[in-house]
Structures are given as C-alpha cells and as structure tokens.
Amino acid sequence: MIKIYNIKNKKLNDKLTLNNIKSKDIKRSHLFIDCFKPTKKEIEILASRFSLQQFDINLALDTESRPRILDHEKCSTIIFASVLSSKSKSRKSKLKTASFGMFLCNNCLILIRDTPLDSIEKFKSLTDDKKVNELAKGSGYMTYLIMDFVFDSYFQIADFIDDEINRLESKVFKNPDETTVKNIFRIKTELIYMHKALTANREVIASIEKGYLRNIRTADIKRFAYVYHDATQLIDIEGTYRDIITGILDIYVSTVSNKLNNIIKKMTAMASFILIPTLISGIYGMNFRFLPEFAWKYGYVFALGLMVISVVIMYFYFKRKKWL
C-alpha cells in the first residue's frame with residue numbers, strides 16, 4: 001500500500017499515485033511517500049522513478065536489518081529501528097523492534113516498511129494544515145520529524161516498562177511466584193533488544209550530524225541534535241531499568257530463600273514437638289527388668305504429663321524466638 005503526500009497550491013494533496021507522478025513533482029514539490037508492504041511492481045516503479053538501489057530496498061523490507069546509512073549520488077538511504085505498534089495502554093505481548101528504510105531523493109522522502117509504525121500513524125493524525133507546514137520544510141526536516149515520532153514510541157514503551165517494574169517490585173515483596181520470575185526475564189530480554197536498537201539508531205544520527213548524507217541540508221542537520229539527545233536519554237533510562245530489574249531478581253532469590261528458611265524452621269519446630277515425647281516414651285519403653293517407676297501407681301500419668309510439659313515449654317521457646 002502506497003500513500004503519497006505533497007503540497008499543491010499551498011494545500012495538502014494526497015490524491016497522487018505512482019503512475020501520475022511527473023518529473024516536475026519530483027524536482028519541485030515536497031513529496032512524502034509512505035510504502036507499506038509494497039508489491040514487486042510498486043518497488044520497480046519506485047526504483048526507476050527515484051533511482052533507488054535494490055539492495056537498499058531489501059534492507060528496508062528486512063525488519064532485522066541493523067540501522068545504518070548508505071549514501072549514493074542521487075539518493076541517500078537511512079535504515080532505522082522502531083518499536084512495533086503499541087496502541088493499547090498495557091502490554092501483554094513481548095516488545096519487538098523492527099527496521100524500516102527512509103530514502104531521501106532531492107525534495108522527496110520515501111518510507112519503505114514491512115511493519116506498522118506508530119510514527120506514521122502520528123503523522124497521519126496531524127491536521128492538513130500541520131501536514132502542509134511540515135512538508136514545506138523539506139525532506140531533511142521530514143526525516144528528523146519521523147525519527148522524533150519513532151523516539152516518542154520508545155518513550156511510551158519505556159513508560160509501560162516502568163509501570164511493569166513497579167508492579168513486579170510490589171509482587172516480589174508480597175507474593176513472588178513462577179510468573180514473577182518469568183516476567184523479570186522477559187523484561188530483561190526486552191531491554192537488551194531495546195538497547196541494541198537504540199545504540200544503532202544513535203550511531204545513525206551521529207553519522208547524519210557529521211554530514212555524511214549529501215541529501216540533507218546543513219540547515220537541517222542541526223535539528224538532529226534533539227533526536228540524538230532523545231536516543232542518549234533512552235539508553236540511560238534502559239540502563240537504569242536493567243539495573244533495577246537485576247536488583248528485583250536478587251530480591252526474588254533472597255525472598256524465596258528466606259521463605260524456604262522459615263519453612264525449614266517451622267518443620268524443625270514441629271519435629272521437635274515429637275522428638276522429646278518420643279525420647280521419654282523410648283526411655284520408659286525399654287525392656288529392662290528393674291525400672292524405678294515400673295511399679296509406681298502414677299508412673300503412666302507422670303510420663304504423659306512430662307511429655308505435655310516438654311511440648312508446652314518448647315512451644316513458648318520457639319514462639320519467643322519467632323520460629324512459629
């Protein structure tokens with residue numbers, strides 16, 4: 001599916017198709033083309049009209065491509081990583097990142113992607129006047145804007161992870177179980193993937209700031225300092241979350257160990273209630289011919305009373321030591 005945006009008579013024109021784009025539209029207009037899962041025919045038209053490299057297109061459609069930049073004479077390519085669409089306020093599925101491609105050709109920005117992205121949905125949600133205002137600033141600014149929207153999605157995911165970490169902290173102290181430790185390892189894995197995507201994205205932005213792409217104007221390069229700051233901040237947040245989640249895992253292990261110790265203490269105390277009465281009954285159950293209490297009238301009652309008293313004394317002792 002391909003959606004084309006450009007400015008016509010100072011108004012937004014989103015009725016263009018690939019077949020009716022003219023050479024003057026490519027050279028003079030500010031075009032923004034969003035290609036979501038393009039067909040082979042659409043890819044052929046894009047490649048011929050805008051001098052796109054097939055290798056670059058393949059990278060853009062590969063969701064696992066490492067973010068990078070490729071600069072050609074007629075077109076510059078940026079492979080960037082974004083988190084997948086997260087429309088709900090709570091996450092039940094595992095966080096995933098996906099790469100997409102941005103192609104800058106003169107005044108045209110072409111997005112080629114194989115997955116839905118919140119950043120594009122955010123652009124589509126803008127008013128027509130706002131879209132015209134953004135498009136009029138050129139392809140370099142539009143590249144910065146898309147990156148800014150991508151990092152907004154990362155910040156949203158970071159907020160979700162923060163909420164999950166807070167819930168895990170509460171659960172670890174109250175009632176840790178197998179689900180808790182699974183969630184801890186899930187979040188830890190998500191943070192690792194997030195770190196890889198963010199560090200690669202930051203390298204891309206750093207390359208743009210150094211002026212490695214000829215199709216981004218010098219005036220627009222300064223804007224990328226803002227998204228570089230966002231990338232650095234997100235990496236710091238992700239690092240903090242990883243430290244916290246590691247601490248939660250340590251707390252989980254300590255909590256489980258303490259619970260096991262308490263169970264062993266209680267079992268030891270309960271076994272002790274049986275141990276001394278068993279000792280007493282064992283002494284008086286010995287088959288010796290002469291026992292002092294053997295012919296005593298109250299010997300049986302005395303033995304039972306001794307057992308009860310020993311159990312009561314041990315009960316209060318363990319209670320005082322907080323073993324029960």
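The values are calculated or read from the model by the stated rules, or taken from the named source; none is laboratory data. Worth saying up front: this structure is predicted, and the values here are computed from it rather than measured. Every residue, glycine as well, gets a Cβ built from its backbone with ideal geometry; the counts of neighbours run over all protein chains shown.
Could you say which residue among Leu145, Leu104, Leu111 is free of Cβ contacts under 8 Å to residues at least 24 places away in the same chain, assigned by TED's automatic domain parsing to the domain that holds Leu18 and buried (at least 19 other Cβ atoms within 10 Å of the Cβ)?
Residue meeting the stated conditions: Leu145.
Of the conditions (1) part of a loop (DSSP other than H, G, I, E, B); (2) crowded, with 16+ Cβ neighbours inside 10 Å, Pro116 clears all except one; give me its number.
So Pro116 meets the others, but not (2).
Only one residue in Leu95, Leu168, Leu135 is modelled with pLDDT under 90, touching a strand residue (DSSP E or B) at 6+ places or on another chain (Cβ under 7 Å) and under 30 Å from Gly247 (Cβ atoms). Which one?
Leu95 is the lone residue from the list that is modelled with pLDDT under 90, touching a strand residue (DSSP E or B) at 6+ places or on another chain (Cβ under 7 Å) and under 30 Å from Gly247 (Cβ atoms).
Name the residue, out of Asn201, Asn175, that is assigned by TED's automatic domain parsing to the domain that holds Tyr241 and either on the phi > 0 side of the Ramachandran plot or touching a strand residue (DSSP E or B) at 6+ places or on another chain (Cβ under 7 Å) (or both).
Residue meeting the stated conditions: Asn201.
Taking Glu190, is it among the acidic types (Asp, Glu), under 18 Å from Glu238 (Cβ atoms) and at pLDDT 90 or above?
So Glu190 fails the test.
Picking from Phe80, Phe32, which residue would you name as being at pLDDT 90 or above and either closer than 20 Å to Leu145 by Cβ or in a loop (DSSP other than H, G, I, E, B) (or both)?
Phe80
Across region 130-142, what is the number of residues that are more than 26 Å from Leu61 (Cβ to Cβ) and either in contact (Cβ under 8 Å) with a residue 40 or more places away in the chain or outside any helix (DSSP H, G or I) (or both)?
Total satisfying the criteria: 3.
Examine region 282-296 for a residue that is part of a helix (DSSP H, G or I) and either at pLDDT 80 or above or within 42 Å of the chain's Cα centre (by Cα) (or both), and state whether such a residue exists.
yes
Please work out which residue is surrounded by the fewest Cβ atoms within 10 Å (Cβ to Cβ), limiting yourself to region 211-242 and to residues that are free of Cβ contacts under 8 Å to residues at least 12 places away in the same chain and β-branched (Val, Ile, Thr).
The residue in question is Thr218.
With respect to the numbered conditions (1) surrounded by 15 or more Cβ atoms within 10 Å (Cβ to Cβ); (2) closer than 30 Å to Pro176 by Cβ; (3) outside the structural domain of Val181 (by TED's automatic domain parsing), which one is the sole condition not fulfilled by Ile248?
(3)
Among the listed residues Lys182, Lys174, identify the single one that is more than 30 Å from Asp14 (Cβ to Cβ) and under 20 Å from the mean Cα position of the chain (by Cα).
That would be Lys182, the only listed residue that is more than 30 Å from Asp14 (Cβ to Cβ) and under 20 Å from the mean Cα position of the chain (by Cα).
Would you call Asp148 out of contact with any helix residue (DSSP H, G or I) (no Cβ under 6 Å at 6 or more places or on another chain) and in a helix (DSSP H, G or I)?
The answer is no for Asp148.
Within the group Ala206, Ala271, which residue is surrounded by fewer than 16 Cβ atoms within 10 Å (Cβ to Cβ), aliphatic (A, V, I, L, M), more than 16 Å from the chain's Cα centre (by Cα) and in the same structural domain as Phe50 (by TED's automatic domain parsing)?
Ala206
Applying the selection to region 151-160, what residues are in contact with a helix residue (DSSP H, G or I) (Cβ under 6 Å, 6 or more places away or on another chain) and not small (Gly, Ala, Ser)?
Once the filter is applied, which keeps residues that are in contact with a helix residue (DSSP H, G or I) (Cβ under 6 Å, 6 or more places away or on another chain) and not small (Gly, Ala, Ser), region 151-160 yields Phe151, Tyr154.
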